[in-house]
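Colleague: Pasting a structure below so you can have a look.
The values are calculated or read from the model by the stated rules, or taken from the named source; none is laboratory data. As the structure is a computational prediction, the values presented were derived from the model and not from experiment. Positions of Cβ are generated from backbone atoms using ideal geometry, with glycine treated the same way; all protein chains shown enter the neighbour counts.
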Amino acid sequence: MLTILFDGVAYGMLLFVLAVGLCVTLGLMNFINLAHGAFAMAGGYLTVLLLNRYGVSFYLCLPAAFIFCGILGAVLERTLYVRLYDKSHLDQVLFSIGLIFISIASVDYLMGASQQIVNLPSGLQGRMEVLGASIGVYRLFVIVICGLLTIGLQYALSKTRFGSRLRAAVDDGRVARGMGIDVTRIFSVTFAIGSALAGLGGALGTGILSLDPSFPLKYMILFLIVVAVGGTSTITGPFFASILLGVADVFGKYYDNILEPLGKLIGVELPGIGAFTIYILMVVVLIVRPQGLFVRGASR
């Protein structure tokens, strides 16, 4: 049971790092960027290229994915996304969906349609015993990295000058500009950081998630569920929502593995619940808390 809980926490923390950029752009910047998963895919494929083709250390691939996707996000934000900030949400959705299909077609042409496999360092392979539970070394590594990122992100938003300026720009952009805050620059940096985090999440996810050209569409629904359940006005809500959804998903799939042989034993095909666990949980949470788990008072 502890092993399942641990795997669920690892999956949830990875999901948070992947989705937190969307929480920032949607909740703080009021921009619907459904193409967020494309940045995660870019980080994953860059890791595959550097690691498998050029022999770069996996530990160097992670910061490389972070920096590359951050630069990519900054360039696209200045050239494309900035033109959509004042448009309707429908325009933003259609634009970002178009970017998704462009990214899928590009990756399929350049890398092929097959699923990509990475060769993790020997130090991150295998399992270890903790409190009687068998724990994957790589999942422990993911938990540590994602935990440090979460702490750093929370500190940056709540304790730094940049964080206070970002909150001011979100609450009332006109007043913030009147106080001398460069709102345009703040949003550009924020978008780039969100894209960089998605790229890092994609790089970390190469050892857990399936990576292929359909990645942005396959995991987009999970990112949206994290945002819906956790709320969009803080990162605390999405963090706890990610953990909750990750644990629920792993537990659901675990019980499916139990039900399948049990059904064969009694000669009855028992219905699986693993694929529906997170959706059931989402509905329950939204019935109780329609605005998400945590909601901050002011929002643009």
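Colleague: Restrict the check to region 45-52 and report whether at least one residue is part of a loop (DSSP other than H, G, I, E, B), at pLDDT 90 or above and touching a helix residue (DSSP H, G or I) at 6+ places or on another chain (Cβ under 7 Å).
Modeller: No, there is no match, as no residue in region 45-52 is part of a loop (DSSP other than H, G, I, E, B), at pLDDT 90 or above and touching a helix residue (DSSP H, G or I) at 6+ places or on another chain (Cβ under 7 Å).
Colleague: Which pairs have Cβ atoms under 7 Å, sit 6 or more apart or on different chains, and link a residue in region 143-154 that is within 10 Å of A10 (Cβ to Cβ) to one that is part of a helix (DSSP H, G or I)?
Modeller: Matching pairs, first to second residue: I143/V9; I143/A10; I143/M13; C146/M13; C146/L14; C146/F16; C146/V17.
Colleague: Scan region 5-21 and tell me whether some residue there is in a helix (DSSP H, G or I), in contact (Cβ under 8 Å) with a residue 40 or more places away in the chain and over 17 Å from the mean Cα position of the chain (by Cα). Give the derivation first.
Modeller: Step one: of region 5-21, the residues in a helix (DSSP H, G or I) are 5-21.
Among the residues that remain, those that are also in contact (Cβ under 8 Å) with a residue 40 or more places away in the chain are: 5-21.
Among the residues that remain, those that are also over 17 Å from the mean Cα position of the chain (by Cα) are: 5-6.
Yes: one or more hits.
Colleague: Another question about this same structure. Look at region 168-207 and say how many of its residues are of a type in the set (G, A, S) and over 21 Å from L46 (Cβ atoms).
Modeller: The number of residues fulfilling the criteria is 7.
Yes/no matrix, rows are residues, columns are (1) in contact with a Gly (Cβ under 6 Å, 6 or more places away or on another chain); (2) basic (K, R); (3) closer than 30 Å to S122 by Cα:
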| position | (1), (2), (3) |
| --- | --- |
| L5 | no, no, yes |
| M13 | no, no, yes |
| A19 | no, no, yes |
| A40 | yes, no, yes |
| F58 | no, no, yes |
| C61 | no, no, yes |
| I71 | no, no, no |
| T79 | no, no, no |
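Colleague: Can you run down the residue pairs with Cβ atoms below 6 Å, 6 or more apart or on separate chains, where the first is in region 219-241 and over 19 Å from L209 (Cα atoms) and the partner is charged (D, E, K, R) and surrounded by fewer than 24 Cβ atoms within 10 Å (Cβ to Cβ)?
Modeller: These pairs meet every condition: S233/R296; T234/R296.
Colleague: Oh, and also: Confirm whether V24 is of a type in the set (A, V, I, L, M), in a helix (DSSP H, G or I), under 16 Å from the mean Cα position of the chain (by Cα) and closer than 29 Å to R167 by Cβ. Give the derivation first.
Modeller: Working: of a type in the set (A, V, I, L, M): yes; in a helix (DSSP H, G or I): yes; under 16 Å from the mean Cα position of the chain (by Cα): yes; closer than 29 Å to R167 by Cβ: yes.
Considered against the rule, which asks whether it is of a type in the set (A, V, I, L, M), in a helix (DSSP H, G or I), under 16 Å from the mean Cα position of the chain (by Cα) and closer than 29 Å to R167 by Cβ, V24 comes out as yes.
Colleague: In region 61-106, which residues are closer than 22 Å to L197 by Cβ and surrounded by fewer than 12 Cβ atoms within 10 Å (Cβ to Cβ)?
Modeller: Passing the criteria: only T79.
Colleague: Still on this structure, please answer the following. Can you tell me how many residues within region 102-124 are in contact with a Gly (Cβ under 9 Å, 6 or more places away or on another chain), modelled with pLDDT under 90 and not in a strand (DSSP E or B)?
Modeller: The total comes to 3.
Colleague: Which residues, taken from region 1-52, are out of contact with any Pro (no Cβ under 9 Å at 6 or more places or on another chain) and among the small types (G, A, S)?
Modeller: G8, A10, G12, G21, A42, G43, G44, listed by residue number.
Colleague: Which pairs have Cβ atoms under 6 Å, sit 6 or more apart or on different chains, and link a residue in region 35-63 that is under 14 Å from K218 (Cβ atoms) to one that is of a type in the set (F, W, Y)?
Modeller: Pairs found: G37/Y219; M41/F215.
Colleague: In region 126-183, which helices (runs of 4 or more DSSP H) lie fully inside it and hold 2 or more residues that are over 22 Å from E77 (Cα atoms), modelled with pLDDT of 80 or more and among the basic types (K, R)?
Modeller: Output list reads 137-159.
Colleague: Further question on the same structure: Taking the stated definitions as given, is Q125 surrounded by 15 or more Cβ atoms within 10 Å (Cβ to Cβ) and within 23 Å of A10 (Cα to Cα)?
Modeller: For Q125, the condition - surrounded by 15 or more Cβ atoms within 10 Å (Cβ to Cβ) and within 23 Å of A10 (Cα to Cα) - is not met.
Colleague: Within region 174-185, is even one residue crowded, with 19+ Cβ neighbours inside 10 Å and of a type in the set (K, R)?
Modeller: The answer is no, given that none of the residues of region 174-185 is crowded, with 19+ Cβ neighbours inside 10 Å and of a type in the set (K, R).
Colleague: In addition: Just need a number here: residues in region 110-136 that are β-branched (V, I, T) and within 27 Å of G194 (Cα to Cα).
Modeller: So the count comes out to 2.
Colleague: Continuing with the same structure: Considering L222, L211, which residue is under 21 Å from S242 (Cα atoms) and touching a strand residue (DSSP E or B) at 6+ places or on another chain (Cβ under 7 Å)?
Modeller: Details: L222 fails: touching a strand residue (DSSP E or B) at 6+ places or on another chain (Cβ under 7 Å).
Of L222, L211, the one residue that is under 21 Å from S242 (Cα atoms) and touching a strand residue (DSSP E or B) at 6+ places or on another chain (Cβ under 7 Å) is L211.
Colleague: Please verify whether V170 is touching a Lys or Arg at 6+ places or on another chain (Cβ under 6 Å), of a type in the set (A, V, I, L, M, F, W, C) and in contact (Cβ under 8 Å) with a residue 12 or more places away in the chain, treating the condition exactly as stated.
Modeller: yes
Colleague: Consider only pairs whose beta carbons are under 7 Å apart and that are at least six residues apart or on different chains; among these, list those whose first residue lies in region 182-197 and is at positive phi and in contact (Cβ under 8 Å) with a residue 12 or more places away in the chain and whose second residue is in a helix (DSSP H, G or I) and surrounded by fewer than 22 Cβ atoms within 10 Å (Cβ to Cβ).
Modeller: Once the first residue is at positive phi and in contact (Cβ under 8 Å) with a residue 12 or more places away in the chain and sits in region 182-197, no partner that is in a helix (DSSP H, G or I) and surrounded by fewer than 22 Cβ atoms within 10 Å (Cβ to Cβ) comes close enough.
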